[in-house]
Each structure stands twice: as structure tokens, then as C-alpha cells.
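The values are calculated or read from the model by the stated rules, or taken from the named source; none is laboratory data. Since the structure is predicted, the reported quantities are computational estimates derived from the model, not experimental observations. Glycine gets a Cβ as well: all are built from the backbone with ideal geometry, and neighbour counts include every protein chain shown. Remember, those area values only see protein heavy atoms, side chains included, never the ligands or the DNA or RNA. Shrake-Rupley method; radii C 1.70, N 1.55, O 1.52, S 1.80 Å.
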Amino acid sequence: MRRIIGTIIGLVLAIALIDGAWEFAERWFPAAIASDASDQEMLARFVMAMPLAGQAIIAAGWLLAGLIGAFAALRIGQWRPAGWIVAIVLAAAGVWNLTQLAQPFWLQGATLVLPLLGVWLAERHFHRARPGDPLIS
């Protein structure tokens, strides 16, 4: 049960970080055009017109989603595949994002590569908790 809960918490954190990065970028770099998230053509024009710093915030969100989501899943679940489950879901979300929204080429690559890099870093720096560590019953 711990593995499932850890994986779900990692996925929720990852998706929240991606959404937060989008909101942060939209707040710092508001669109000159009225953007409605339900209109994909308008959203695509908004992303293409966004300054490089705003696009970098979105890319950083994808990296942090992989890193923090996977680390949380690994730490809570104490199960190495949990991090890679987060990676697979983030990669699928990235592919879906690419099919739904026009983005600059570099941001398309970042959407696919950065979450996997984040998961790899989380896996590399993860260590199993010892009795007495936080998050251990």
C-alpha cells in the first residue's frame, strides 16, 4: 500500500509543479492577447509570443516536476520503480502536451527530456530510509 500511496503523491506533486510553472509564467509574462485556456489556438499563440524567460520557467517546471515528484515517490514508497512510474507518466503528459499545443522547438525537447533528467537525478540521489528517519513507520 505504501508503494501505491508514494507513487500517487509523487504524481500529484509533479502535475502540480507543471501547472504551477505555467501559472507562474503567465503571471510574470501576461499575454498581450486575451488568453483563454479552453481555446488552444489562442493558447498556442500565447506560448509562441511569450518571452524566453517565461518559456524557461515552464521548462524549469518540467524539470522540477520530474525531480521532486520522483523523489517524493521514492522516499515515501521506498520502492525504486515508483520514480520511473512518475517518469513514464510525465513523458506521456509531455507527448500529449506536444500534440495539443504549438511550442518552440527547444521547449518541445525540454518537455520530453527535462522530466526524465529530473527523475534520473532523484534516483541517483535517493537512499533508502533507515529506521528512525522521517516518513518511516
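Brief remarks follow.
- Probe 1.4 Å, protein heavy atoms only - accessible area per residue of the chain in square angstrom: 56 Å²
- Cα pair count fraction exceeding 17 Å, expressed as % - the range 63-124: 35 percent
- Taking every Cα-Cα distance in the range 1-127 and sorting them into 5 Å bins from zero, the calculated P(r) comes out as 2, 13, 21, 22, 16, 11, 8, 5, 2, 0 percent.
- Overall, the accessible surface of the chain at a probe of 1.4 angstrom is composed of carbon and sulfur to the extent of 71 percent.
- Pair Ala44, Ala60: separation of 7 Å Cα→Cβ label points (nm): 2.8 nm
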